[in-house]
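Here the structure comes first, spelled out in structure tokens, and everything after it is commentary.
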Amino acid sequence: FPVTIKNNFLEEKGAAHTCTLNEKIREYIQKCRKPNTSETFRFTLKKLELYKHRPITFEEVTATWLKDFDLFLADTLKINTRSIIMRNIRTVFNLALDDELIQNYPFRKFKIKHDKTDNKQIKAFPG
């Protein structure tokens with residue numbers, strides 16, 4: 001059954017609102033203090049909206065869904081960029097768990113892959 005969030009207004013009317021992954025990401029973007037962080041979450045949201053042209057519920061995100069989304073991203077993005085997107089999604093899942101909005105946690109069965117990068121240090125002075 002869908003996870004519902006009830007605020008005082010909706011509760012009084014007897015209606016419930018299903019929180020989506022998209023909404024939780026937008027909420028997180030609003031709270032971001034660092035511009036680069038909010039920009040990476042906007043990029044994540046954009047890719048989610050390209051993948052599914054509708055809001056995504058937390059319940060539909062399973063380990064299989066994450067694998068399929070990663071394959072979709074692999075058409076245009078390198079592994080470490082995909083890793084950033086998946087970590088952003090995991091962050092929002094962790095927040096939703098903390099807020100007791102969800103019970104499912106697909107990241108137990110889905111491991112985020114990444115490539116090790118060389119540490120390219122720039123020296124101010126040669127030698």
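The values are calculated or read from the model by the stated rules, or taken from the named source; none is laboratory data. Note that the structure is a prediction, hence the values are computed from the model and not measured. Note that each Cβ is placed from the backbone with ideal geometry, even for glycine, and that neighbours are counted across all protein chains shown. Surface accessibility is based on the protein's heavy atoms, side chains included, excluding ligands, DNA and RNA. Shrake-Rupley method; radii C 1.70, N 1.55, O 1.52, S 1.80 Å.
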Query raised in the report: Given the conditions (1) under 17 Å from C19 (Cα atoms); (2) within 15 Å of the chain's Cα centre (by Cα), which single one is not true for H53?
Result: (2)
**Report entry** Residues being over 22 Å from C32 (Cβ atoms), in a loop (DSSP other than H, G, I, E, B) and touching a Phe, Trp or Tyr at 6+ places or on another chain (Cβ under 8 Å) - total across region 60-107
**Finding:** 2
Query raised in the report: Do we find that T76 is at pLDDT 95 or above, farther than 27 Å from T18 by Cα, open to solvent by 60 Å² or more (accessible area, probe 1.4 Å) and not basic (K, R) in this structure?
Result: yes
Report task. Would you check if there is a residue in region 1-22 being out of contact with any Ser or Thr (no Cβ under 8 Å at 6 or more places or on another chain), in a helix (DSSP H, G or I), open to solvent by 80 Å² or more (accessible area, probe 1.4 Å) and at pLDDT 95 or above? Result -> no
